Amino acid sequence: MTTLTTAPAPTAARTWQRSGGLLAAALLTLALVVTSLFVGVYDLGAQGGDAMFWITRVPRTLALVLAGSAMAVSGLVLQQLTQNRFVEATTAGTSEWAALGLLLSVILLPTVGLATRMVVASAAAFVGTMVFLVVLRRVQVRTTLVVPVVGLMLGAVVSALTTLIAVRTNYLQLLGTWFMGSFTTVVRGQYEVLWVVAAVCVAIFVLADRLTVAGLGRDVATNLGLSYDRVLLVGTAMVAVASGVTTVVVGFLPFLGLVVPNVVSLLRGDDLRSNLPWVCLGGVALVTACDILGRVVRMPFEIPVGMILGVVGAAGFLLLVLRVRRRG
Amino acid sequence: MFSRPPARRLAAVLTAAPLALVLAACGAGADAAEPAASASPTTAATTVTIEDNHGTVEVPLDPQRVVALDNHVFETLSAWDVPLVAAPKGVMGSGIWPAYTENEDVLDVGTHREPNLESIIAAEPDLIIGGYRFGDHYDDIVAQNPDATVIEIAPRDGEDVADELVRQVEILGQVFQREDDAAQLVEAFETAVADAAAAYDGTSTVVGLITSGGEISYSAPVTGRSIGPVFPTLGLVPAIEQAAEDTSHGDDIGVEAIAAANPDWIIVLDRDGAGVGEGDYRPATELIGASPALTSVTAVAQDQVIYLDPNFYLTEDIQAYTALYEQIAQAFAAA
């Protein structure tokens, strides 16, 4: 870029590079998604391979795309709403509340279907996130680290309560199975509810500008004529639905909402609207890559994606932070 | 037997020794009061020497105050009408052994994860049958109950489970002086095993699965919980041969891997069937029998899926294995 001499050229070049970069990212993500369709234990060329493709591969890949983009984008939204880079569903307690909601729905409403469970889990996630935001508003010291610490503490309290209830009702062993993020059980007929999060993603795209303004803080946003509280509510509700649904169908996907938006910000700066497609693609690419890894490492067995995401996500994030710091 | 840590064996001996002394002293006192009786053959021994998982232990014969923590023994003890003074009701399901779980006089030891070991002390037992899920608490139980004999007779790791089950019930027979009843149980078990082995064609492939919380896990041959031991006992051909990483709860496996292995037989333990997880409960019949990905698998297509008694997860005793082998024998013979 530095070799360019004329004034308008850098802008043009940057714009070109930007869309070119996005195209490259899209192609890379697409490649991962296609790979996901063709990675598995069953030989697709064998008899019944066709049927298996539609029963397991396609649903699983769609679920990866939906859950990955939803969790990454909701991480970005939460970061805007709290004006803190280290907040996402699993560090704000949102996922823990969704888990509590799911467990309660199982105990109190044993016979209802998946849809009701998702509504209960999402409602619990919403309540929990609001509690977090209210507590946050009363916290005087709001440094970068205090905010996620508050979220982690609230999450820990809620998850302790969930564990206590599970111990009392003999659900403790099931708890681990349910919330360990894993796409193993995702087959046709088991993932369709995830389409709800596609609607959440679209809504976030539509509301991107307002969320950006809200990210400037209550005072600035109000001065700019934004109904701050309404945006806060809508944003929280969207995040709650995304985490509630994902928790019920897949389980926890730790770090996804933290790593992806931050990596995108580190590489591209903070512009929510233009970052959104990148965050979407990044979420899909990361969760798909981790799931493919989990499927390949111990064939014919699988390692839950939540476990790989925890390791890969944390390590990758640390590396990136350290590298960017050093460069200044 | 020699793989046991010596410290534990020593602990067992140390616990047993004072008790034996006390018993011997009692015996001596009785003899002194009535010297004529000492010569008569009616004064039978008051203890029996058994080999438990830690070594040689002197166990009081026909103990009156018994605490049992090992799920393998409840069925036998309840069949023999042996009363318990404390039991871990949290891991005994409901309605399987109502004489213990629904009796207020039987103190509750809780579960192995949240044990209430004090209730064992409060029960003032003569004999504690520990081990299995409670194996980690052995040292505490021995230290806290100096007046009781503590034995562990659960199947040992690395040993043949069939032999271990027989050994266990024979020890119970000795302690509770029910050797004939124990022999009957052993005979029924061995008959069932022989029948199942005879009914097996020697070539059909089998896969063991565990279902829980809507997920399917793989139970490895030999080491996998409940179903694993069936493989070496019957000489079954595994459809998937892979060592287990999680021997008690199974390893995460997708339906594709089961379909690709295309087993002739599937043996399933429905872990949630035993009264836990009734809520979001998706039974094994739905997860496996009704899975669209498995319809063309030989085992499902030919209706060759053996579902274990859901209580198996809590029983795992010689009676449960006898019933399982009878079930397998019947299924194999009908194929």
Output yes when any residue across the range A:85-95 is at pLDDT below 90 and within 25 Å of residue A:189 (Cβ to Cβ), and no when none is. yes
Any residue in the range B:148-160 that is at pLDDT below 95, in a helix (DSSP H, G or I) and not assigned by TED's automatic domain parsing to the domain that holds residue B:315? no
Taking residue B:262 and the conditions (1) within 10 Å of chain A (Cβ to nearest Cβ); (2) modelled with pLDDT under 90, which numbered condition does it fall short on, given that it satisfies the others? (2)
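Table: residues versus (1) surrounded by fewer than 18 Cβ atoms within 10 Å (Cβ to Cβ); (2) modelled with pLDDT under 85; (3) over 28 Å from residue B:159 (Cβ atoms); (4) more than 9 Å from chain A (Cβ to nearest Cβ).
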position	(1), (2), (3), (4)
B:204	yes, no, no, yes
B:231	no, no, no, yes
B:289	yes, yes, yes, yes
B:298	yes, no, yes, yes
B:302	yes, no, yes, yes
Can you tell me which residue is nearest to the chain's Cα centre (by Cα) among those in the range B:104-118 that are over 18 Å from residue B:63 (Cβ atoms) and more than 14 Å from chain A (Cβ to nearest Cβ)? B:117
Considering only residues that are surrounded by fewer than 18 Cβ atoms within 10 Å (Cβ to Cβ) and either among the basic types (Lys, Arg) or closer than 17 Å to residue B:133 by Cβ (or both), which ones fall in the range B:97-109? B:108
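Can you go through B:209, B:236 and tell me which one is more than 14 Å from chain A (Cβ to nearest Cβ) and at pLDDT 85 or above?
Working: B:209 fails: more than 14 Å from chain A (Cβ to nearest Cβ).
That would be B:236, the only listed residue that is more than 14 Å from chain A (Cβ to nearest Cβ) and at pLDDT 85 or above.
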Exactly one condition in (1) closer than 30 Å to residue A:300 by Cβ; (2) of a type in the set (S, T, N, Q); (3) at pLDDT 90 or above is not met by residue A:159; state its number. (1)
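When you look at residue A:276, is it over 30 Å from residue B:260 (Cα atoms) and either of a type in the set (Gly, Ala, Ser) or in contact with a helix residue (DSSP H, G or I) (Cβ under 9 Å, 6 or more places away or on another chain) (or both), yes or no?
Yes; evaluated as a whole, the condition is true for this residue.
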For the range B:304-335, enumerate the residues that are at pLDDT 90 or above and under 15 Å from the mean Cα position of the chain (by Cα). B:317, B:318, B:319, B:320, B:321, B:322, B:323, B:324
Residue under evaluation residue A:302, criteria (1) under 20 Å from residue A:82 (Cβ atoms); (2) touching a strand residue (DSSP E or B) at 6+ places or on another chain (Cβ under 6 Å), criterion not met: (1)
Inside the range A:36-63, the number of residues satisfying the requirement of being within 28 Å of residue A:260 (Cβ to Cβ) and either free of Cβ contacts under 8 Å to residues at least 40 places away in the same chain or within 14 Å of chain B (Cβ to nearest Cβ) (or both) is 12
For residue A:305, which of the numbered conditions (1) away from chain B (no Cβ under 14 Å); (2) of a type in the set (A, V, I, L, M); (3) buried (at least 18 other Cβ atoms within 10 Å of the Cβ) fails to hold? (1)
Kindly check whether there is at least one residue in the range A:66-81 that is crowded, with 22+ Cβ neighbours inside 10 Å, away from every other protein chain (no Cβ under 14 Å) and closer than 26 Å to residue B:294 by Cβ. yes
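In the range A:43-59, is there at least one residue being among the polar types (S, T, N, Q), in a helix (DSSP H, G or I) and modelled with pLDDT of 90 or more?
Applying the first criterion (among the polar types (S, T, N, Q)) to the range A:43-59 yields A:47, A:56.
Keeping just the survivors that are in a helix (DSSP H, G or I) gives A:56.
Subset that is modelled with pLDDT of 90 or more: none.
No, the range A:43-59 has no match at all.
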Do any helices (runs of 4 or more DSSP H) lying entirely in the range A:119-217 carry at least 3 residues that are within 14 Å of another protein chain (Cβ to nearest Cβ), and which ones are they? A:146-169, A:172-179
Given (1) in contact with a Ser or Thr (Cβ under 7 Å, 6 or more places away or on another chain); (2) in a helix (DSSP H, G or I), index of the condition residue A:221 fails: (1)
Those residues that are surrounded by 16 or more Cβ atoms within 10 Å (Cβ to Cβ) and of a type in the set (Gly, Ala, Ser), I need them from the range A:164-183; list them, please. A:166, A:181, A:182
Restricting to the range B:84-103, give me the number of residues that are touching a Pro at 6+ places or on another chain (Cβ under 9 Å), more than 14 Å from chain A (Cβ to nearest Cβ) and closer than 20 Å to residue A:168 by Cα. 3
Whether any residue in the range B:243-254 is under 24 Å from residue A:177 (Cβ atoms), out of contact with any helix residue (DSSP H, G or I) (no Cβ under 6 Å at 6 or more places or on another chain) and in a helix (DSSP H, G or I) is what I want to check. no
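The values are calculated or read from the model by the stated rules, or taken from the named source; none is laboratory data. Values in this document were obtained by computation on a predicted structure and should not be read as measured data. Virtual Cβ from ideal backbone geometry, glycine too; neighbours counted across all protein chains shown.
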